[in-house]
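Beneath this line is the structure, given in structure tokens, with notes to follow.
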Amino acid sequence: MRTDKVIVDFSVVEEEWSKRVWPVSWSENNILLFGRGARVHYKSLSANEAIGQLCKFREDQGNLRLIECAGKDYPNLVAVSSSNGHIQLWDLAAKKMVSKWSTKSTAAIQWNGPILTVGGERGSIRQFDTRVPDTTKMKEQAKKTMRHQSKISSLAWNIDGKFLASGDESGQVHIWDPRLQNAPLEVGEMIQRRKKIQHVGVITALAWCPWHPKTLATGDSAPDGTGTIRIWNVNGSVSLNHPDRLELDAQITSLHYSPHCKELLSTHGPGKGAPERAPANPNVNTSTDDSFVPSRIANSVVVHAFPSFRRIATMTGATANIAGSVLSPNGQRVVLAIPQESKLKVWDVWGKRRELKRSSSMLSTCSIR
């Protein structure tokens with residue numbers, strides 16, 4: 001049940017993707033935005049229109065690094081940032097830039113209403129209130145926190161905008177409540193006399209549960225090629241009747257809760273091979289010392305029941321690596337970013353069940369449910 005259709009050739013931005021940065025976002029008006037070099041392109045998934053160009057960074061500003069569409073209250077607003085720290089806000093309907101400023105670095109960005117949260121390469125987190133028309137005053141008034149000791153790799157606000165999760169390259173996750181104090185909440189396991197959330201690898205995925213706003217899923221990419229999904233609750237641990245950890249033999253590259261049912265989707269990288277088992281007949285030697293069985297979920301999209309982690313569906317999404325994914329505004333589809341294949345693929349996940357025929361047109365739609 002797959003149809004592969006190339007949206008755009010990403011070969012010129014593959015270096016950025018290799019740094020776990022892939023510039024793709026999906027607007028509330030069903031417009032897909034993606035980057036190529038210094039350019040930002042858009043494609044309406046509701047109309048049969050050609051791909052258009054929204055903007056282009058100047059050579060001295062660097063290549064495109066991040067794209068993030070605002071939420072329901074600002075459906076036409078999108079933020080783009082360059083590798084040199086330049087941030088621009090654009091109106092998708094008018095195809096017009098409405099604001100711009102620069103900062104030292106932008107490693108991750110997320111919207112919370114009109115507030116743009118920016119994570120830096122040195123662990124800083126800044127909150128920019130884009131309602132302030134004077135960007136100089138906006139930068140002066142921006143709240144800044146410094147608790148991470150390494151580059152911010154992931155940011156995520158929960159559905160009601162009350163809690164922010166931030167993850168870094170050292171594997172640490174902080175949960176923030178901006179209403180209370182300028183310090184992270186004590187959530188997680190007791191480490192050095194303080195509760196902390198700590199993974200072995202880089203935090204490559206954060207997802208808040210839409211029907212339990214205080215429940216957070218975190219995912220990492222460990223140095224040995226494995227990945228772990230963990231579940232946390234702001235008010236304490238998850239019920240002991242269910243697991244709060246799922247260890248897998250492939251990196252976690254993105255996580256999404258379904259807004260329609262109690263399920264969690266994960267995407268995965270190449271994974272870690274396991275030593276091949278000895279044959280049933282000891283007299284028959286069919287393997288060598290360096291033979292490995294590849295990960296069963298490598299380069300795949302996996303849907304888990306929540307909170308049991310029972311695996312519902314597994315579909316191979318790429319031959320090389322799924323760098324990450326974006327969930328559609330209606331929560332029914334995901335876009336998979338696959339740099340080695342120079343493709344974006346649109347997959348049906350929680351939409352209507354239907355058989356799909358293979359074709360070779362421009363857009364990729366795949367169904368796994």
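Summary table below
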| item | result |
| --- | --- |
| Loop-located chymotrypsin sites (Phe, Trp or Tyr not before Pro) in region 141-241, at most 15 other Cβ atoms within 10 Å (DSSP) | Trp211 |
| Dipole magnitude of region 26-168 about its Cα centre (Cβ charges: Lys, Arg +1; Asp, Glu -1), debye to nearest 20 | 320 |
| In sequence order, calculated HN-Hα J values of region 212-222 (Karplus, 6.51, -1.76, 1.60; Hz; x Gly/Pro) | 10, x, 9, 10, 10, 9, 10, x, 10, 10, 6 |
| 5 angstrom amide H check on Ala107, placed H, neighbours 5+ away | Gly119, Gly120, Glu121 |
| Ala183 versus Ser150: modelled label distance in nm, points set 7 Å from Cα along the beta carbon direction | 2.4 |
| Qualifying trypsin sites (Lys or Arg not before Pro) in region 37-94, DSSP loop, other Cβ atoms within 10 Å at most 10 | Arg58, Lys72 |
| In nm, spacing of pseudo-spin labels at Arg245 and Asn30 (7 Å Cα→C-beta vector) | 4.3 |
| Least to most buried among Tyr42, Tyr74 (fewest other Cβ within 10 Å first) | Tyr74, Tyr42 |
| Pairwise centroid distance, computed over Cα atoms, of region 40-79 with region 80-124, Å | 12 |
| Linear extension gain, Gln192 paired with Lys162, 0.36 nm per residue minus alpha-carbon span | 8.1 nm |
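No value in this document is a laboratory result; all are computed from the given coordinates. Since this is a predicted model, take the numbers as computed values, not measurements. Every residue, glycine as well, gets a Cβ built from its backbone with ideal geometry; the counts of neighbours run over all protein chains shown.
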